[in-house]
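Novice: Pasting a structure here, questions to come.
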Amino acid sequence: MTTVDEELRCIGCGAVIQSDDPDELGYTPASAVQKGLESGELYCQRCFRLRHYNEIAPVSLTDDDFLRLLSHIRDTKSLIVYVVDIFDVNGSLIPGLHRFVGDNPVMLVGNKEDLLPSSLRRNKLRDWLRQQVNQAGIRPISTVLVSAKKNHQIEDLLKEIDRRRNDRDVYVVGVTNVGKSTLINQIIKLRTGIKDLITTSRFPGTTLDQIEIPLDDGHQLVDTPGIIHQAQMAHVLPAKDLKVVTPQKEIKPRTYQLQDQQTIFLGGVARFDYLKGQKVGIVGYFDNNLPMHRTKLAHADDFYHKHLGGLLTPPSTDDLADFPPLERFEFAIKQKSDLVFEGLGWMTIPAGTVVAGWAPKGVAVLIRPAMI
């Protein structure tokens, strides 16, 4: 396959521009290439349609391709800015990150802090987040909380990057859907005034190759492709349902006084069973629009099969054929913990209880120390 020019890359996703094969990455009609060069905004057709029509086209890169693109970072002299989604911390962790960064220092950025209750002390949240990545073997030199979407604390982040990089390039890494490209766009806007240069969406895997942004001293700030975690909820729901389960504003905690042998359905995409324990308050942290329904455990299976796609939505009736069955995970809670449905949210559970979480097959359900 030939390319229009090996040096021409889509400024939205970083793919090499080519006009030969519409089914391959970087395809752009030849007539659009010249227009893009003249305007200074050369996008591949995939990014153009995503930006203007919110349409997503499948990509041919595999998980291994994404990891291979990151593998050379260990040989660079750089500062690693590791972006995690505070609402989905566990789904944001990159297994074996040290293999990709080598001896380079890591700066931790917790994005989407605006989604968490404003009553939560940010110093406590910062400490909790650092402890979570410590358990994954990552020792950040500093931790910064931001909201890329709301442009909160981005100037502080830039100052911290400048203070820490010590005449080095900066590589921004993270899994898909953590808001990495939105963060880069805010940085570009603050430094250059250009808005929405890089393609962003709620779909996994939008950035397909490295995107290099020049810094004032001749070094580069590099946006790397997001590593895809198949255990995220984003991989089992269509776009219209992701809008219902993906928070866009501050979460309002929902508290339920539960006795044992009761069930709470989270739409039709997940389920929480309170199996054993005294009457307690269980607090849910999910998108405010996600419908939650309580019923008796003994009736839960029949309730689910009867109402899935109707009362229990998402998924909608049209998507039931492709929706995976729910898998069950049981836990005995020894200390106050969060039962996490990866990419969806969590229930905070008191000690001395036995619970079960159900999620679509392939989506992770796990226990972690309580955030709040």
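Novice: Answer yes or no as to whether Val133 is buried (at least 16 other Cβ atoms within 10 Å of the Cβ), in contact (Cβ under 8 Å) with a residue 24 or more places away in the chain and not in a helix (DSSP H, G or I).
Specialist: It is false that Val133 is buried (at least 16 other Cβ atoms within 10 Å of the Cβ), in contact (Cβ under 8 Å) with a residue 24 or more places away in the chain and not in a helix (DSSP H, G or I).
Novice: Determine which single condition Val178 fails, assuming it passes every other condition in (1) outside any helix (DSSP H, G or I); (2) surrounded by fewer than 17 Cβ atoms within 10 Å (Cβ to Cβ); (3) modelled with pLDDT under 90.
Specialist: (2)
Novice: Of everything in the range 232-260 that's charged (D, E, K, R) and within 22 Å of Arg294 (Cα to Cα), which residue is surrounded by the most Cβ atoms within 10 Å (Cβ to Cβ)?
Specialist: The residue in question is Asp241.
Novice: Looking only at strands (runs of 3 or more DSSP E) that fall completely inside the range 315-355, which ones have 1 or more residues that are loosely packed, with under 15 Cβ neighbours inside 10 Å?
Specialist: 326-333
Novice: Have a look at Gly91, Gly110 and point out the one that is in contact with a His (Cβ under 6 Å, 6 or more places away or on another chain) and crowded, with 19+ Cβ neighbours inside 10 Å.
Specialist: Gly91
Novice: Here's a follow-up. Out of everything in the range 115-130 that is charged (D, E, K, R) and in contact (Cβ under 8 Å) with a residue 12 or more places away in the chain, what residue ends up being farthest from Gln248 (Cα to Cα)?
Specialist: Among residues in the range 115-130 that are charged (D, E, K, R) and in contact (Cβ under 8 Å) with a residue 12 or more places away in the chain, the one farthest from Gln248 (Cα to Cα) is Arg130.
Novice: Out of all the residues in the range 18-41, which are loosely packed, with under 12 Cβ neighbours inside 10 Å and hydrophobic (A, V, I, L, M, F, W, C)?
Specialist: Ala30
The values are calculated or read from the model by the stated rules, or taken from the named source; none is laboratory data. Worth saying up front: this structure is predicted, and the values here are computed from it rather than measured. Glycine gets a Cβ as well: all are built from the backbone with ideal geometry, and neighbour counts include every protein chain shown.
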